[in-house]
Structures are given as C-alpha cells and as structure tokens.
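Please treat every number below as a calculation from the coordinates, not as lab data. None of the values given here were measured: they were computed from a predicted structure. Virtual Cβ from ideal backbone geometry, glycine too; neighbours counted across all protein chains shown.
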Amino acid sequence: MLLRYFYDEKLAHASYLVGCQATGEAVVVDPMRNVLPYIETAIAEKLKIVGALETHIHADFVSGSRELAECSGATLYLSDEGGEEWQYQNLEKINHQLLKGGDIFKIGNLIFETLHTPGHTPESISFLLTDRGGTADKPMGLFSGDFVFVGDIGRPDLLEKAAGMAGTAEAGAKVMYHSVERFKSLPDYLQVWPAHGAGSACGKALGAVPSSTIGYEKQFNWAMHFDQEQLFMEALLDGQPEPPYYFAVMKHVNKVGASLIKDLPQLQSVSSIEEVQALIAQGVQVIDTRQAGSFANGHIEGTINIPFNKSITNWAGWLVNYEQPLYVLTNIEHLDEILIALRSIGIDNVDGYGDITNILLTIPAQVSLETYDSVTPLEIEELVSKGDVTVLDIRNQAEWNQGHIEGAQHIMLGTLLKRIDDIQDDQQIIVQCQSGVRSAIGTSVLRAAGKKNCVNLLGGYARWKKEAQTLNV
C-alpha cells in the first residue's frame with residue numbers, strides 16, 4: 001500500500017493519496033481543487049487514480065473530486081447520509097457511489113468501511129482503511145475528515161453561523177457527542193488521518209501534527225473527557241472562532257458542483273494605472289498582493305491590500321465579493337499560485353490581472369500614488385487617553401475578550417466592508433490588531449472605502465501593552 005500526505009498551508013487542509021501497488025489503483029481522500037500534485041504523484045508511482053472520497057460537503061475549500069472525475073475518470077464516493085437537504089447534486093454525468101454508514105467498498109486490495117460520524121455536519125462520514133495486500137485483517141487507520149482532528153474535533157456551529165440555519169449548532173453538538181462516544185470505542189492502535197491542521201477555522205484548537213492515533217486522542221484531546229452530554233455541548237460551542245463569509249458559498253458550491261478549471265474564462269491584462277483607475281471607477285474590485293510596507297509607500301487609490309502569503313485565502317474569503325468582477329495586481333511570477341489560492345475557495349470571478357511592478361514603473365509624472373502612515377503606541381498614547389482619536393480594534397472576539405485598549409471600537413477585520421457605516425470617522429482612526437499585520441489590511445480596506453483619515457498602529461496590541469498604559473484588561 002502507498003499512502004501520501006498533501007498539505008495546503010493556506011487552507012490548513014490535508015488530503016491523501018492511497019494506492020494499491022499490486023493493482024496499480026489509487027484514490028484521493030478529500031482532494032483539493034488543484035489536482036495536479038495528485039496526478040503527478042500517481043504517474044511517478046505508476047498508479048491510476050480511480051476514485052475520489054469525500055468525508056462531507058466541505059465549507060472551507062472547493063473540492064477537487066469533480067476535477068479528478070474529469071481528468072482521470074475517477075468515481076466519486078460520497079455521503080448519502082444526513083437527509084435530503086444534504087444530498088450532492090448534479091451527479092448524473094459523473095460516475096459515483098453514494099455511501100451510508102456500514103457500507104464497504106474495495107480499491108484493489110484496499111478495503112474502505114464507511115462510518116457515519118455526524119456532528120460537524122449531518123452528512124459527515126469517516127473511512128476505516130484495511131490493507132489486505134498482506135496478512136492484515138484489521139483496519140490500519142481512520143480518515144476522519146472534519147470529525148476528529150489532532151487535539152480537537154469539528155465544530156458543529158458552521159451551518160448556523162455561516163449559512164444562517166438557526167438551531168443547527170446545538171443539534172450538531174448533540175449528535176457530535178454520540179459520534180465521539182463511538183470514536184472512543186474504536187481500537188487504540190488505529191491511526192487518525194484528519195482533513196485539517198492548525199490554522200483551520202473548522203475547529204478551535206487544532207494541533208499542528210499531521211496525524212495521531214485513537215488512543216492518543218482519547219488521552220489528550222479535550223473533547224474526549226466528557227461523560228455528560230450537556231457539559232460536552234456547552235464546551236464544544238464555547239469559543240468557536242468567527243467563520244469566514246465564504247464558508248456559506250463553499251457549502252453551496254460543493255453541493256451542486258464547482259465549474260471545472262478548464263471552463264473558466266481567460267484572464268484579461270492591464271498594463272497602466274489609467275486602466276486600473278478605469279476598472280475601479282466601474283466598480284471592479286482590485287486587490288494588490290504586495291507586502292504591506294510596499295503598499296503603504298505607494299499604491300493606486302481604491303485598491304485593497306491582501307498580501308500574498310499563507311493567509312491570502314482567508315482574508316480574500318472574507319473581503320472579496322464573489323458577485324463582482326475582480327482584478328489582481330501582483331508580481332507576475334506569483335500569478336499562477338495566487339490563482340490556485342483564490343480558486344481553492346471558489347473565487348472564480350477573477351477577470352484579469354496586472355503586473356504591479358511594471359505598472360508602477362510607467363506611472364506618468366503628473367500622477368501621484370496614494371500612501372498611508374503608521375504610528376507607534378507612544379506617539380498616540382496621549383491622544384488615546386484624551387479620546388482625541390478613534391481606536392478601531394479589528395481582532396477577533398476571543399482576542400478582544402482577553403484585553404483591549406480602553407475606549408476602542410471593535411469590528412473584526414473580515415466584517416469591515418459590511419460594517420463600514422458603523423465606523424466612527426469624525427476624528428482620526430487608529431487601526432489596530434494584535435501585531436500590526438491585519439491592521440495593515442484593514443487600513444487599506446478603510447481607505448478604499450473612502451475613509452482616508454486612518455493610520456496603522458505598528459506592533460498592534462502586543463506592542464501597546466509593552467509601551468503604553470491606557471489599558472482595559
């Protein structure tokens with residue numbers, strides 16, 4: 001048997017290629033939309049990808065199952081649990097097999113047993129894997145999807161918070177308790193292969209270790225230590241992070257099926273500041289992916305700064321409007337990777353791009369770029385104490401609860417555009433996060449929305465605690 005691990009740091013998403021070398025067949029568990037790495041690995045290992053397994057309808061990334069069906073003729077193995085509302089759609093022209101708890105299927109000498117493990121979502125399933133290529137007659141491990149992570153379990157509140165389905169959080173927590181009890185009855189030696197690691201918003205305390213065992217999780221996973229349903233439910237629902245807006249979009253996309261990459265329109269290019277300004281005047285979204293310092297020192301008015309790093313998918317998912325055309329300004333060598341990242345969360349409305357380096361080199365002398373300033377805590381401490389500035393704290397709720405600057409207004413970064421009219425702008429705005437990274441994005445969002453009287457707080461709340469005294473902890 002061959003088992004290969006793939007990890008997308010931008011999504012904290014893990015997927016797996018599992019192959020039977022005796023028959024030359026392989027499947028991919030919870031594939032990402034960019035399926036090229038699986039295909040390249042399969043070719044190198046002389047395997048043919050014949051299946052794509054999904055543990056549930058994902059909310060945080062676009063599944064690559066249909067891409068694999070198109071590229072390699074793979075059969076989709078999908079959940080048939082959860083009721084009518086949780087059924088996959090538009091499968092008529094795709095080879096697929098719907099699965100319920102207890103169903104077993106074979107890929108070469110590999111045996112997959114389906115477990116219905118609801119809680120994160122009603123249709124969630126896990127896969128027990130047994131390799132019968134040798135003498136083993138017991139399963140080796142569990143592909144747990146978003147059911148059990150290393151050190152955590154899947155959150156049950158996404159349907160309510162992201163999709164507005166009232167009452168589903170408590171219902172999900174209740175059934176999750178029973179799924180966890182079943183998990184605890186499995187043999188300790190079984191390996192656990194989850195679909196996410198640290199940084200994913202699908203849980204609140206995921207570990208950074210790629211795999212675990214049933215026995216280890218039973219000892220050290222916080223969620224395994226309850227024997228009362230109500231206490232478990234309360235602990236599970238408490239402190240869950242805000243789900244990005246795009247999660248609701250992903251649920252729909254993965255249910256009905258995303259467009260194939262080959263069918264997306266060709267990108268248009270822009271090469272001058274005048275072209276970019278014309279797009280912005282027409283209401284087109286334009287994001288500049290340079291690092292914050294470069295953006296602050298000179299950018300085209302109306303653009304939003306979402307730096308190209310491992311957080312680009314998260315903040316694009318919060319801030320990009322999926323219904324409006326989007327252009328990306330970037331260093332051209334990053335374009336392909338940025339497109340992969342954006343498309344991984346269903347941002348298919350990228351109509352074009354511009355090479356920001358060349359555009360900035362050809363700006364006419366009479367045209368001025370926009371800039372913004374940054375300040376230190378000591379420079380504004382007195383103004384803050386007198387109430388002569390507005391401090392806008394854009395951290396998440398948990399960070400705010402742990403301590404914040406006295407008198408600050410709290411609006412989480414991802415919600416800025418939807419709450420732009422709630423922001424007090426009768427005096428200078430000091431945009432603040434924990435370390436100064438998110439506040440740079442927030443400053444660009446405010447300025448693009450017309451709130452020009454804002455500056456970025458260097459070092460954020462962490463530096464403020466060291467250098468200033470006006471605290472409400």
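Which order do the peptides 300-309, 381-390, 431-440, 119-128 take when ranked by the mean count of other beta-carbon atoms within 10 Å per residue, highest first? All intermediate terms of the calculation are to be shown ahead of the outcome.
Details: 300-309: 20.9, 381-390: 15.0, 431-440: 23.0, 119-128: 25.5.
With the highest mean Cβ count within 10 Å placed first, the list reads 119-128, 431-440, 300-309, 381-390.
Can you spot the lysines whose alpha carbon is less than 26 Å from LYS93's alpha carbon? Ignore those fewer than 8 places along the same chain.
Partners within reach: LYS48, LYS106, LYS251, LYS255, LYS262.
With θ set to phi - 60° and the Karplus curve 6.51 cos²θ - 1.76 cosθ + 1.60, what are the ³J(HN,Hα) couplings of region 341-348 in order, to the nearest whole Hz, using x for Gly and Pro?
Taking θ as phi minus 60°, the curve returns 5, 5, 5, 5, 10, x, 7, 9 Hz for region 341-348.
Too long at a 31 Å Cα-Cα cut-off: which of LYS386/LYS451; LYS161/LYS466; LYS161/LYS451? Show your work: numbers first, answer last.
Working: LYS386/LYS451 22 Å; LYS161/LYS466 35 Å; LYS161/LYS451 29 Å.
Check vs 31 Å cut-off fails for LYS161/LYS466.
Would you grab the residues whose amide H sits under 5 Å from the one on TYR353? Only those 5+ places off in sequence or on another chain, please, with H modelled 1.01 Å from N.
GLN268, SER269, VAL270, VAL328
So if I restrict to the alpha-carbon atoms in region 339-473, what is the Rg, and what is Dmax, the biggest pairwise distance, in Å?
17.0, 50
On a C-alpha basis, how far is the centre of region 1-75 from the centre of region 441-468 in Å? Whole number, if you could?
Each part's Cα centre sits 41 Å from the other's.
So how strong a dipole does the chain carry about its Cα centre when Lys and Arg Cβ are +1 and Asp and Glu Cβ are -1, to the nearest 20 debye?
Working: 35 positive and 59 negative charges, 147 e Å.
Value, rounded to 20: 700 debye.
Helix-derived [θ] at 222 nm for the chain: sum -39500 (n - 2.57) over DSSP H runs of at least 4, divide by residue count, nearest 500? Working shown, then result.
Details: 16 runs with 140 residues, N = 473.
After summing the helix terms and dividing by residue count, I get -8500 deg cm²/dmol.
With everything on Cα atoms, drop me the angle between helix 437-448 and the longest principal axis of the chain, reported from 0 to 90° to the nearest 10.
Here the helix axis deviates by roughly 60 degrees.
Can you run phi through the Karplus equation (6.51, -1.76, 1.60; θ = phi - 60°) for region 125-134 and list ³J(HN,Hα) in whole Hz, with x for Gly and Pro?
Per-residue couplings from phi come out as 10, 10, 10, 7, 10, 10, 9, 9, x, x Hz.
Take the alpha-carbon centre of region 339-360, take the same for region 170-204, and report the distance between them in whole Å.
36
Checking the a/c ratio against 1.5 first, then a/b against b/c, what shape does the Cα gyration tensor give for region 264-361? It would help to have the intermediate numbers written out before the result.
Values: a/c = 1.41, a/b = 1.16, b/c = 1.22.
Taking the square roots of the gyration eigenvalues as a ≥ b ≥ c, region 264-361 is rounded.
Shape verdict for the chain, please, from the Cα gyration tensor: rounded (a/c under 1.5), prolate (a/b greater than b/c) or oblate. Please report the intermediate quantities before stating the final value.
Numbers: a/c = 2.37, a/b = 1.49, b/c = 1.59.
It comes out oblate by the Cα gyration axes.
Quick one: dipole size for region 2-256, taken about the Cα centre, charges +1 on Lys/Arg Cβ and -1 on Asp/Glu Cβ, in debye to the nearest 20.
Numbers: 20 positive and 33 negative charges, 116 e Å.
My answer is approximately 560 debye.
Report, by chain and number, residues whose modeled amide H sits under 5 Å from the one on ALA52, excluding near sequence neighbours (fewer than 5 apart, same chain).
VAL28, THR75, LEU76, TYR77
Assuming R0 = 56 Å, can you tell me the calculated FRET efficiency for the pair GLU229 and ALA278, based on Cβ-Cβ distance, to the nearest 0.05?
Numbers: r = 59 Å, r/R0 = 1.06.
Approximately 0.40, to the nearest 0.05.
For region 67-79, just list the computed ³J(HN,Hα) in residue order, Karplus coefficients 6.51, -1.76 and 1.60, θ = phi - 60°, integers in Hz, with x standing in for Gly and Pro.
After applying 6.51 cos²θ - 1.76 cosθ + 1.60, I find 4, 5, 4, 6, 6, 10, x, 4, 7, 8, 9, 10, 5 Hz.
Have a look at region 74-181 and give its Rg and Dmax from the Cα atoms, expressed in angstrom.
15.4, 49
Between MET32 and residues 5 or more places away or on another chain, which pairs have amide H atoms under 5 Å apart, with H built 1.01 Å from N, and which residues are they?
GLY64
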